[in-house]
Amino acid sequence: MAVEVAKVVLNSVADASGLERCIQEKQFSADEVVAVIGKTEGNGGVNDFTRILADQAFRGMLLKHGTRSEDEVREVPLVWSGGCDGVITPHATIFARNDKPGTAGKSRLVIGQAMSPKILPEDIGRPAMVEKVAAGVRAAMENAGITDPRDVHYVQTKTPLLTVDAVRDAESRGQRVACEVHESMGVSNGTTGLGIAVALGEIEMPPAEAICRDLDLYSSVASCSSGVELDRAQIVLMGNRDGAGGRYRIGHSVMKDALDIDGIYESIVNAGLELPDRPRASDLGDRVVNCFMKCEADRNAQLRGRRQVMLDDSDVSWHRHIKAAVGGIAALAIGDPAVFVSVDAMHQGPQGGGPTIAIVDLGE
């Protein structure tokens, strides 16, 4: 089955008109949509309601134009990352599967999705969550028809984080959580990153004491977000498979630090585009559909030997500083501010950097 990809801009918090336009123009049908990954314009925090509004709008549009039931549409993975700091444009990348045949010898984009077993509040930050996420990633690989982990280039997840109610639920069952509520977004993301790395054979199963501490352990293809809207790991996995139909390929690399624009271009080359030694956005034509990346403020408060102060800023969270900075680098690299940049990259790429993934259009 071939994968069709479309990037649409969100003109307001609950705007799904771009999805509707793709359906009306028959780029794909509502029932063929298998995943959406998007950026919303909220604060990116625990209480970011813009993710919920975007989720409702897109699911409503799938119901309006499709034949799937409400329960079936509810199972479609819609991964929303809040916060469009700096120049980042709110947008969504839509993935649909159709029955167009592929050609042997041509490796093209495939996508799989899965939900992990239920993640309890006390699992977050502990080996139980690593194991549950790893099981979900393996199921998503099977769903995509990928057998070799080296063919996986992107694993986007959404996992639960802690709320006061979740902590009370754990305590009512005699359990204790691993971190405070305000820390749980980063801890959930980091633990998930380790689960992805374990599933793909990038690392061995880590001991409990290494979780969110040993930052030399990471996945090069993980992009993990978390929120209050679910209680399992929602997994969207992408890679290339020989004989898959369609015109798209995916590749990945890592940004070694927040200024590593070469890492972005390396992911584009890895996806299948040939670029000059010192590429610019003008070299890409219209072949790059989107780039997806994670980023993190360097915990040593250094960037290429220069002191950084974002971790000391009490007025503006370092999340917003680094997201805006990397968003600017990514927009410059591909010539488009509608880029997916997400923070809290613990165990996702090297410390101070993060994974970068590119989807390119190679034509028919």
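Observations on the model:
- Spin-label pair Phe49-Arg68: with each label point 7 Å from Cα along the Cα-Cβ axis, the two points sit 2.7 nm from one another.
- For region 262-321, the Cβ-based charge dipole about the Cα centre amounts to some 140 debye (Lys, Arg positive; Asp, Glu negative; other atoms uncharged).
- Surface accessible to a 1.4 Å probe, per residue, for the residues of the chain, Å²: 42 Å²
- Selection of GluC sites (Glu not before Pro), region 11-60, meeting DSSP coil and at most 13 other Cβ within 10 Å: Glu25
- Cα lying deepest toward the dipole's positive end in the chain, options Gln302, Asn189, Ala258, charges on Cβ: Ala258
- The distance from the alpha carbon centre of region 71-142 to that of region 350-364 is 16 Å, rounded to a whole number.
- About the centre of its Cα atoms, region 29-98 shows a dipole size close to 100 debye [charges on the beta carbon of Lys, Arg (+1) and Asp, Glu (-1) only; nearest 20 debye].
- Ellipticity estimate at 222 nm from DSSP helix runs (n ≥ 4, -39,500 (n - 2.57)) divided over the chain, nearest 500: -8500 deg cm²/dmol
- Once backbone amide H atoms are built at 1.01 Å from N, Val289 has Ile359, Val360, Asp361 as its partners under 5 Å, excluding neighbours fewer than 5 places away on the same chain.
- Total charge dipole magnitude, the chain, about the Cα centre, Cβ charges on Lys, Arg, Asp, Glu only, Debye to nearest 20: 400 debye
- Selection from His321, Leu362, Pro337, by position along the positive dipole direction of region 249-364 (Cβ): His321
- Whichever aspartates and glutamates have a C-alpha closer than 17 Å to that of Lys323, once near sequence neighbours (fewer than 8 apart) are set aside: Glu41, Asp48, Asp85, Asp257, Asp260, Glu296, Asp298, Asp312, Asp313, Asp315, Asp336, Asp344
- Region 220-275, relative contact order in percent, only Cα pairs under 8 angstrom and at least six apart counted: 29 percent
- Using a Förster distance of 45 Å, the FRET efficiency for Ser17-Arg173 (Cβ separation, nearest 0.05): 0.50
- Note that region 187-199 has calculated 3J(HN,Hα) couplings of 5, 4, 4, x, 4, 5, x, 5, x, 5, 4, 5, 4 Hz, one per residue in order, obtained from phi through the Karplus relation 6.51 cos²θ - 1.76 cosθ + 1.60 (θ = phi - 60°); glycine and proline are x.
- Percentage relative contact order, region 39-169, counting C-alpha pairs under 8 Å, at least six apart: 23 percent
- For Lys26, the lysines whose Cα falls under 18 Å of its own Cα, not counting residues fewer than eight places away in the same chain, are Lys7, Lys64, Lys100.
- Sequence-separation-based contact order of the chain, relative, with Cα cut under 8 Å and 6+ spacing, percent: 22 percent
- Accessible-area composition of the chain, carbon plus sulfur, in percent [1.4 Å probe]: 47 percent
- Expressed to the nearest 5 percent, the antiparallel share of DSSP beta bridges inside the chain is 75 percent.
The values are calculated or read from the model by the stated rules, or taken from the named source; none is laboratory data. Predicted model, so just to flag it, every value in this text is computed and none were measured. Methodologically, a virtual Cβ is constructed for each residue, glycine included, from the backbone with ideal geometry; neighbour enumeration extends over all protein chains shown. What goes into the accessible areas is simple: the full protein's heavy atoms, side chains included, and nothing from ligands, DNA or RNA. Shrake-Rupley method; radii C 1.70, N 1.55, O 1.52, S 1.80 Å.
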